[in-house]
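Right, one structure below, let's go through it.
The values are calculated or read from the model by the stated rules, or taken from the named source; none is laboratory data. Keep in mind it's a predicted model, so treat the numbers as computed, not measured. In this analysis, Cβ positions are derived from the backbone assuming ideal geometry, glycine residues included, and neighbour counts consider all displayed protein chains.
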Amino acid sequence: MRNFRTTLLLFLIPLAFAAGFALDYAMRPATAKLGPAEAQGAADAARLEQTIINQLQAEYYKPVDVGKLARAGVDGLLKSLHDPYTVYMDPQETQALKEELTGAYAGIGAYMAQRSKQVIVTGFLPGSPGKTAGLKPGDAIVAVDGQPTAGLTLEQAVAKIKGAEGTQVHLKVRRKGAAGLLDFTITRRAIQIPETRTRMLHAGAVQVGYVQLFQFAQGVGETVGNEVTRLASRGAEWIVLDLRYDGGGLFDEGINVAGDFLSGGVVVSTSGLHSPEQVFKASGDPVTALPMVVLVNQYSASASEIVTGALKDNHRATIIGTRTFGKGLVQTNIYFTNGASFKLTTAVYLTPNGTDINKRGITPDVVVADDLKTRKDEQLAAVLRFITAHK
């Protein structure tokens, strides 16, 4: 299903690179059509805010920065939703998003997620200066260049960590088991984001085609299909799709990747209060029928979970690893004329069996943890043992 294009404007990724943000980017102007009651409610709320700002300007004991008040008001309003994916991004943060779409940026090459209001390192890109400097998955970044990350959205924290190539960023990090905070000074480097990495592995006498997918960028469904076809031509008897640390990206590419392996059936469905239910199906033109395993962990999210859920519910693959992130919400990105943008949740998505995975994740068929303290990849080793036992 490599030519699928959704009419939805979706932003599914819950993770960010620590030198830019996101993969899904779709233009939509800042317009909204409201009924009379909704319009009146919005007008009343705006009038209240305007009245308070007017009074502050007229009577507060010292000068006020109206721009900061406006931003604080918007941030506070959105935080009251308790939805970390609905956020306002100023022009700088929005520009970081746009730059990420090029597949290259300058930064520290680390994956980030926000958990319990903390900015957490979840993994690294190849050649990551962050990893070279000593950062580890699970580290919580508590300050960037002296500014605490508490109270910042993930997008805001990412925009501060990102910067020009050759400049330095200073991070304070809380690490489980370490006394006090750790200090890191990291020189930002130009990072090229790869889409996939492939190789041939062996499970006993069985040849295994391995595809690691780093991000669901434009065209990756076709890329994965081509890589799988190439591995099959080299004699692969099984396929392993590694989605660990893949935070997602483009919604339609999640469907396209699932369609690389499905001969038909539902991939995912979406619905919301203002979004009619839509059911998305595989085209029925898979690139392979080889048996396969999908490898996941707690940082496999969003589009990764669309693929995992589709292949699991359609009994197409065995899922091995740990429970996935649990990000089953769909976002729309709205753009303003001043360069800012607004990302808001518009729908929930369900797996083919109708399962809502938001905040729950997907439990693998075979649960295996990876010990980050060892050099061995325990999860991949478990995959190869599984294939050997089921050849």
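Of note:
- Test for Ser271: is it in the same structural domain as Asp377 (by TED's automatic domain parsing), in contact (Cβ under 8 Å) with a residue 60 or more places away in the chain and part of a strand (DSSP E or B): yes
- Per this entry, Val144 is not counted among residues that are touching a residue at least 60 places away in the same chain (Cβ under 8 Å) and either in contact with a strand residue (DSSP E or B) (Cβ under 8 Å, 6 or more places away or on another chain) or not β-branched (Val, Ile, Thr) (or both).
- Residues located in the range 326-336, provided they are in contact with a Leu (Cβ under 8 Å, 6 or more places away or on another chain) and assigned to a loop (DSSP other than H, G, I, E, B): Lys327, Gly328
- Each residue in the range 181-201 was checked for being loosely packed, with under 12 Cβ neighbours inside 10 Å and either assigned to a loop (DSSP other than H, G, I, E, B) or in contact (Cβ under 8 Å) with a residue 12 or more places away in the chain (or both), and 2 pass.
- Filter result for the condition that a residue is hydroxyl-bearing (Ser, Thr, Tyr), outside the structural domain of Leu213 (by TED's automatic domain parsing) and touching a helix residue (DSSP H, G or I) at 6+ places or on another chain (Cβ under 9 Å), over Thr149, Thr167, Thr132: Thr149
- Filter pass, Ala143 being touching a Ser or Thr at 6+ places or on another chain (Cβ under 6 Å) and either buried (at least 21 other Cβ atoms within 10 Å of the Cβ) or not in a helix (DSSP H, G or I) (or both): no
- Looking only at the range 39-73, and only at residues there that are acidic (Asp, Glu) and exposed (fewer than 11 other Cβ atoms within 10 Å of the Cβ), the one that is nearest to Met89 (Cα to Cα): Asp65
- Taken together, Leu384, Leu344 contain a single residue that is assigned to a helix (DSSP H, G or I) and either at pLDDT below 95 or in the same structural domain as Gly248 (by TED's automatic domain parsing) (or both), which is Leu384.
- Residue in the range 351-372 that is closer than 30 Å to Lys79 by Cα and not in a loop (DSSP other than H, G, I, E, B) present: yes
- Asn353 meets each of the listed conditions (1) surrounded by 18 or more Cβ atoms within 10 Å (Cβ to Cβ); (2) closer than 26 Å to Gly265 by Cα; (3) among the polar types (S, T, N, Q); (4) touching a helix residue (DSSP H, G or I) at 6+ places or on another chain (Cβ under 6 Å) apart from (1).
- Of the residues Lys68, Lys131, the single one that is basic (Lys, Arg) and either under 30 Å from Gly180 (Cβ atoms) or part of a loop (DSSP other than H, G, I, E, B) (or both) is Lys131.
- Of all residues making up the range 55-88, the number that are in contact with a Lys or Arg (Cβ under 9 Å, 6 or more places away or on another chain) and of a type in the set (Val, Ile, Thr): 2
- Within the range 234-267, restricting attention to residues that are β-branched (Val, Ile, Thr) and more than 17 Å from the chain's Cα centre (by Cα), the residue that is surrounded by the most Cβ atoms within 10 Å (Cβ to Cβ) is Val267.
- Among the residues listed as Lys160, Lys172, the single one being part of a helix (DSSP H, G or I), closer than 30 Å to Gly73 by Cβ and either free of Cβ contacts under 8 Å to residues at least 40 places away in the same chain or in the same structural domain as Lys79 (by TED's automatic domain parsing) (or both): Lys160
- Residue within the range 74-90 that is hydroxyl-bearing (Ser, Thr, Tyr), surrounded by 12 or more Cβ atoms within 10 Å (Cβ to Cβ) and more than 21 Å from the chain's Cα centre (by Cα) present: no
- Residue match in the range 356-379 (condition: within 20 Å of the chain's Cα centre (by Cα), more than 17 Å from Tyr299 (Cβ to Cβ) and touching a residue at least 40 places away in the same chain (Cβ under 8 Å)): no
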